[in-house]
Structure formats: structure tokens, C-alpha cells
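Below: one structure, written as C-alpha cells.
Derivation of every value follows stated rules applied to the coordinates shown; laboratory data play no part. Remember, it's a predicted structure, so these values are computed and weren't measured experimentally.
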Ligand code: GDP
């Protein structure tokens with residue numbers, strides 16, 4: 001098997017700017033901004049680490065539901081916004097409501113946001129939480145790139161079948177979906193290239 005190409009974001013300096021409660025927190029200088037979001041355990045921390053070539057940029061398996069914050073990283077030409085994962089069954093009604101409000105505010109009022117990178121486990125049909133999040137995305141009319149994670153759990157044939165199934169379930173074209181594995185590096189460089197290309201359009 002050939003080795004996956006290295007992410008072009010893997011060798012650049014990265015600054016952790018902080019954790020911000022304000023969904024409109026303004027970033028200077030203005031640069032393309034990409035928000036990463038997905039169901040808790042979808043593989044977001046692992047993906048951020050793989051994308052940036054860091055071992056522990058984002059902590060893997062953060063305690064679900066603990067944060068209501070935007071964790072923001074500055075790279076030379078773009079910002080990464082790590083949004084808290086959704087779908088934690090044990091969260092209280094109040095916590096869910098606050099979380100939903102945060103996501104909604106980011107999606108609807110954050111005009112500086114370039115795009116949303118939405119993570120889903122390649123093996124699973126979108127959950128009720130995923131569908132709810134998709135409704136928020138659609139209402140906000142955001143540019144979205146769907147990322148199907150943990151591809152290494154399937155063979156290439158199974159990946160192709162799952163890609164077609166997930167595309168149908170989500171009602172999106174397969175070319176709007178990137179299949180990745182944080183473990184093997186599959187698709188990671190392509191994802192980074194897509195972000196850099198999208199950033200160029202808006203810069
Ligand atoms: P998060 O909650 O969305 O940040 O997800 P994590 O990155 O913490 O990952 C959740 C679990 O899935 C962990 O046990 C990871 O090791 C595992 N995981 C994440 N990405 C991959 C992947 O690409 N392949 C495999 N096989 N497991 C993964």
C-alpha cells in the first residue's frame with residue numbers, strides 16, 4: 001500500500017489563540033476561517049491532529065458536553081475553529097439548549113466564517129443529532145464539506161459503498177464529501193488542499 005501524502009498544513013506554525021465563549025469573537029487579521037464540527041466521538045480531535053501533523057493539538061476524546069467554547073487556532077493563512085461535539089446522551093436539557101444556541105449563533109451570525117467541515121463516521125447512518133445539525137446548516141445556508149471519518153475501519157470497496165449511501169442519506173453530491181482516516185492519513189492532504197483552495201476564493 002502506498003503511503004498517504006503529507007498534509008500541506010502539517011509543517012506550518014500553529015498558534016492556539018484560546019477558547020472563546022463569544023460565537024462572534026473577531027479574529028485579526030481577517031483570514032479564511034474553517035469550523036470543525038461533528039457528533040462527539042466522530043473523530044474530530046484525531047482529524048485536527050492529522051491535518052496539522054500534531055500529536056496533541058486537540059485533545060482526543062475530550063469529556064463530552066463540558067465545553068461551550070470555540071477553540072481557535074491560527075495557521076499562517078487560515079484559522080481553524082474547533083467547535084464542541086454534539087450528541088452527548090447524558091447532557092441535560094439546559095446544556096443541550098445552550099449548545100444548540102452556540103452552534104446556531106456561529107452558523108448564522110459569524111459572517112467571517114468561510115466554511116464548515118462536518119464530520120461523520122463513515123460506518124454509520126446519520127443519527128437524529130446529525131440530522132438536527134444538518135437542518136441548522138441548511139437554514140444558515142453555509143458552505144459545507146462533509147468529511148467521512150475512520151475510513152480505515154472499512155475496505156476500499158466498503159468505503160465506496162458507504163460513500164454512496166451516506167451521500168444519498170444526506171442528499172449531497174459525492175464530490176462534496178471527503179473520505180478520511182486519521183490513522184492511515186487517507187484523504188487528509190486532499191482535505192487540506194480543499195481548505196486552502198476555498199480560502200483562496202474568499203481571501
Ligand atoms: P472526537 O470526540 O470527535 O474529538 O473524536 P476523537 O478524535 O477523540 O476520536 C474518537 C475515537 O475514535 C478515539 O478512540 C479515536 O482513536 C478513534 N478514531 C478517531 N479517528 C479515527 C480513525 O481515523 N480511524 C480509527 N480507526 N479510529 C479513529
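Across 185, 53, 94, mean-square fluctuation computed from a Gaussian network of the chain (C-alpha pairs under 10 Å connected) peaks at 94. With Cα atoms defining each centre, the range 38-56 and the range 11-35 are spaced 17 Å apart in the structure.
Checking the a/c ratio against 1.5 first, then a/b against b/c, what shape does the Cα gyration tensor give for the chain? Cα axes put the chain in the rounded bin.
Considering only 104, 33, 141, the mean-square fluctuation computed in a Gaussian network model of the chain, springs between alpha carbons under 10 angstrom, is largest for 141.
How much length, in nm to one decimal, is gained on full extension between residue 41 and residue 108, taken as 0.36 nm per residue of separation minus their Cα-Cα distance? Don't jump to the answer; show the numbers that get you there.
Values: separation 67, 0.36 × 67 = 24.12 nm, distance 2.48 nm.
Between residue 41 and residue 108, full extension yields an extra 21.6 nm.
Once the Cα-Cα distance is subtracted from the 0.36 nm per residue extended length, the residue 27 to residue 124 segment shows a gain of 31.4 nm.
The relative contact order of the chain, computed from alpha carbon pairs under 8 Å that lie at least 6 residues apart in sequence, is 28 percent.
Can you tell me how much longer the chain between residue 74 and residue 156 gets when fully stretched, taken as 0.36 nm per residue apart minus their C-alpha distance, in nm with one decimal?
Working: separation 82, 0.36 × 82 = 29.52 nm, distance 3.41 nm.
Gain in length upon complete extension: 26.1 nm.
A quarter of the convex hull surface defined by the alpha-carbon atoms of the range 110-200 gives 6.1 nm² as the mean projection. Do you know the relative contact order of the range 100-203, to the nearest whole percent, from alpha carbon pairs under 8 angstrom that are 6+ apart? It comes to 27 percent, rounded to a whole number. Let me make sure I get this right: for the range 72-139, a, b and c are the square roots of the gyration tensor eigenvalues over alpha carbons, sorted descending. Under 1.5 in a/c it's rounded, otherwise prolate if a/b > b/c, else oblate. Which is it? In terms of gyration-tensor shape, prolate.
Divided by 2.2 N^0.38 Å, where N counts the residues, the Cα radius of gyration of the range 61-177 comes to 1.12.
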